[in-house]
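Only one structure is covered here, and it is reproduced in the block below.
The numbers here are math on the coordinates, done by the rules we state, and not lab data. Since we're looking at a predicted model, the values are computed, not measured. Backbone-built Cβ (ideal geometry, glycine too); neighbour counts: all protein chains shown.
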Amino acid sequence: MNPQKTLLKVEDLRLYYPVPGKKIGQLEYIKAVDDVSFEVKEGEVFGIVGESGCGKSTLGRAICKLNPPTSGKIVLDGEDISDYGSRQMRAVRKKVQMVFQDPYASLNPRMSVFEIIAEPLKIHHLTTSKEQMKEKVLDLLRKVGLDDYHANRYPHEFSGGQRQRIGIARALAVQPKLIIADEPVSALDVSIQAQVLNLLNKLKRELNLTYIFIAHDLSVVEHISDRIGVMYLGNFVEVGSKEELYQNPLHPYTQALLSAVPVPDPTAKKERIILEGNIPSALNPPTGCRFHTRCPKCMPCCKTEAPACHHVDGTHAVYCHLYDEKNKA
């Protein structure tokens, strides 16, 4: 494994959903993901964080083309998959897999755990005999902390944490290089969240995996991620290592999110930044900087000009006119 190798490169990715317009026959577009670019190195965990509705999950599904992007470029392990159809994507599925937010809805209730995990093995012809398939399925169950006898049970017989382990085992079946984890612990109790996060970390080390970890909980993202991208209304507003992002947040939105993270010491005083208003509609996003309608540091240029990407150093980047003004000063 080469930690400097770029496993995934995304350029100018857009995903628009058509919806009926105000006039008959007219279409308008929800700009769920709008002009997103980033890279993920082999062996790292890239966290994506933001409020509900900002486009995190849509971005994850667009990368593995469960929802085909409207435009943009996706290069996975040196292969440009931007224009691949469903037939071409079948081979690519062995390189990228998803772990979904709801561990019950993503598992077929009519299939046993054995059948669920064996299905990708059958589709991609990864075993040559029933004995080999059984051995592979049981090995995957053990890897995620389940026992052999669980193979004959059905999803409704398991707890939420166990179901998520089954989903992880299914994703691992094809030996992917990249796993996109879409809020994999948000539906679980806090104690179970820690167990699943520790499992993901353990599997990453043992199997040399690369993760895109999507979540709205900043504490969870900090625990597992190497680098983090903060999303707002379909765009990244700041990208950096977790140390840079948590110790020196530059964008006003990142600062507001971090101010809301609870601290262990109840006597510690922490200034809370309260954002006014709600997230604007992705159907008609604001002009200029999309955050300007809620930004406490909004300047006139923020309302008309989209901010450029400012690189603080090699890994820390921010999309904000405020930083531009500081540079001019």
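Worth pointing out:
- The alpha-carbon atoms of the chain define a convex hull whose volume equals 165 cubic angstrom per residue.
- GNM result for the chain, Cα springs below 10 Å: residue of Q247, Q88, Q26 fluctuating most strongly: Q26
- Relative contact order of the range 56-136, pairs being alpha-carbon contacts under 8 Å that are 6 or more residues apart, as %: 15 percent
- Under 15 Å between alpha carbons - lysine pairs in the range 41-117 that sit 8 or more apart or on different chains: 5
- Fluctuation leader among D139, D77, D102 - the chain, Gaussian network, Cα springs under 10 angstrom: D139
- Whether the range 161-260 is rounded, prolate or oblate, judged on the alpha carbon gyration tensor where a/c under 1.5 counts as rounded: prolate
- For the residue pairs K202/K269; K177/K242; K9/K134, alpha carbon separations beyond 29 Å are given by K202/K269; K9/K134.
- Each of the peptides 163-170, 219-226, 109-116, 17-24 was scored by the mean count of other Cβ atoms within 10 Å over its residues; in descending order, highest first, they stand as 163-170, 219-226, 109-116, 17-24.
- For the chain, built as a Gaussian network whose Cα springs stay under 10 Å, the top-fluctuating residue of Y246, Y232, Y149: Y149
- Under the Karplus curve 6.51 cos²θ - 1.76 cosθ + 1.60, θ = phi - 60°, whole-Hz ³J(HN,Hα) for the range 307-321, x wherever Gly or Pro sits: x, 7, 7, 9, 8, 6, 8, x, 10, 9, 10, 9, 9, 7, 5
- For the chain, the longest principal axis of the alpha carbon atoms and the long axis of helix 130-143 meet at an angle near 50°.
- Estimated [θ] at 222 nm from DSSP helical runs (n ≥ 4, -39500 (n - 2.57)) normalised by residues in the chain, nearest 500: -9000 deg cm²/dmol
- Förster radius 35 Å - calculated FRET efficiency between T128 and R153, Cβ distance, rounded to 0.05: 0.85
- When the range 201-329 is reduced to its Cα atoms, the Kirkwood hydrodynamic radius in Å: 16.2 Å
- Approximating the spin labels as points 7 Å out from Cα along Cα→Cβ, the I273-to-M299 distance works out to 1.6 nm.
- Taking the C-alpha atoms only, the angle from helix 113-123 to the longest principal axis of the chain is near 80 degrees.
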